[in-house]
Amino acid sequence: MHEQDPTEQDRAKHDQVEQDQVEPVYADHAASAPMRLSARVALTNMASLTGNPSALHAAGRRARAALEDAREELATLLGAYPDEVIFTSGGSEADSIAVLRAAEQLAASRPGVLVSTIEHPAVGSVADVLGVRCAEFGVDSAGHAELVQLTELLRRHPAGPVGLVSLMTVNNEVGTVQPVELAAEIAQQAGAWFHTDAVQAFGQLPFDFGSLGAQLASVSAHKIGGPVGVGALLVRRGLQLGRYGLGGAQEAGVRSGTQPVALAAAFAAAAREAVAEQASLTMRLRQFRERLVTAARPLGGVVVNGAEPLSPAIVNLGFAGASSDDLTFLLDQQQIFCSSGSACRAGVHGPSEVLLAMGRDDDAARGGVRFSFGWSTTSADIDRIIAALPAAVCRARAVPR
């Protein structure tokens, strides 16, 4: 076995020490954002609160009051009524409850379900459960929903009249902002309910459930600097979803389980800060996005996946001749953390289903690298990414295929 030269060992140790001393660049906010100080404080303060919010004694009533305070604040920030906010364990559960319960409620009279081809798996995989009852409408090469196809499917769904349409507000891989207001109107005119996964929109773009026209919407705390483990499903007043799963159905007769008071309070704290800074954050992130795209283009063979309107928080770039796995690994070695796709597909090595839906070939669908920004992103972070990209792309292109 070949022994490493002592000089090489010293050099390797020195390089490792230097790397360890470099402050990491976190460019994966779309997967999960760092927790805000306000959320950490709220979580810590409420963690010491004893009592089940369903209990009738004084401790339970205190917990209930804290829970409802969080619900009311979130409702205000989301443009909803408090009784329209159902706490969940996150965006995936909110999506699942929305599409499965709505489909079940409407199955007798309107069995058809329509979802876009670029949905989060919590929505997109509903086809595996519902079979022929679920059909998909596509997107164009820029990643925007084909509303003409949606309209046609609403008229001619193979399973019969459509009860539910689901289209995410912002795609989590390429950042395309979808025409959800128009899609909701089209669905409503056809007599269908409309659901939107707004997980990547809330806190990054203006969001108002009251004026959206949707019957259902999903949001999550950890994308905006809140804790992992809590989200919300917004359900329009007057809609009856019925119970989801077994248990006491503590959340509006729909979701069961003891409500997480501390998580809800931390969610509300993060949302308060996110909404307050949303306009200025959008402006700052848009500048970061433009800087990164401008710096990447001279590297040659660069494709910007997606086209305006786009979220300022997500940049998806393809580099001809370089795989996303190789490039993200090389950037990781430079303490720059980005991703080769959606975190909901973590561990699944294959072409991006979103890029395939946009018409990319297999190679291009394997090459998308997602940089996603948020409240903690700084100008210095963008400088580091821009400085590291040329060498990383060059090395990734040199990897034998």
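The values are calculated or read from the model by the stated rules, or taken from the named source; none is laboratory data. Predicted model only: the values in this text are computed from it and were never measured. FYI the Cβ positions are ideal-geometry reconstructions off the backbone, even for glycines, and counts take in every protein chain you see.
Descriptive notes on the structure:
- Condition check for Leu130: touching a helix residue (DSSP H, G or I) at 6+ places or on another chain (Cβ under 9 Å), assigned by TED's automatic domain parsing to the domain that holds Leu182, in a helix (DSSP H, G or I) and closer than 19 Å to Glu93 by Cα: yes
- Some residue of the range 17-25 being modelled with pLDDT of 95 or more and touching a helix residue (DSSP H, G or I) at 6+ places or on another chain (Cβ under 9 Å): yes
- Failed item, numbered, when Glu119 is tested on (1) assigned to a loop (DSSP other than H, G, I, E, B); (2) closer than 30 Å to Asn316 by Cα; (3) modelled with pLDDT under 95: (3)
- Within the range 123-141, the set of residues being in contact (Cβ under 8 Å) with a residue 12 or more places away in the chain and farther than 14 Å from Val165 by Cα comprises Val129, Val132, Val139, Asp140, Ser141.
- Residue pairs meeting the criteria (Cβ under 6 Å; at least 6 apart or on separate chains; first assigned by TED's automatic domain parsing to the domain that holds Ser166 and part of a strand (DSSP E or B), in the range 198-223; second surrounded by 24 or more Cβ atoms within 10 Å (Cβ to Cβ) and of a type in the set (S, T, N, Q)): Ala217/Thr196
- Top-ranked residue of the range 89-101 - restricted to ones that are surrounded by 20 or more Cβ atoms within 10 Å (Cβ to Cβ) and closer than 17 Å to Thr169 by Cβ, ranked as nearest to the chain's Cα centre (by Cα): Gly91
- Qualifying residue in the range 128-140 (condition: in contact with a Pro (Cβ under 9 Å, 6 or more places away or on another chain) and at pLDDT 95 or above): yes
- For Ala31, the conditions (1) touching a residue at least 60 places away in the same chain (Cβ under 8 Å); (2) of a type in the set (A, V, I, L, M); (3) part of a helix (DSSP H, G or I) all hold with the exception of (3).
- Hits in the range 61-72 - residues which are under 15 Å from Ala265 (Cβ atoms), surrounded by fewer than 20 Cβ atoms within 10 Å (Cβ to Cβ) and not small (Gly, Ala, Ser): Arg62, Arg64, Glu68, Asp69, Glu72
- Comparison of Gly359, Gly301, Gly306, Gly341 shows that the only residue that is at positive phi and either charged (D, E, K, R) or at pLDDT below 95 (or both) is Gly341.
- With respect to (1) small (Gly, Ala, Ser); (2) surrounded by fewer than 18 Cβ atoms within 10 Å (Cβ to Cβ); (3) touching a residue at least 60 places away in the same chain (Cβ under 8 Å), the lone exception for Gly245 is condition (3).
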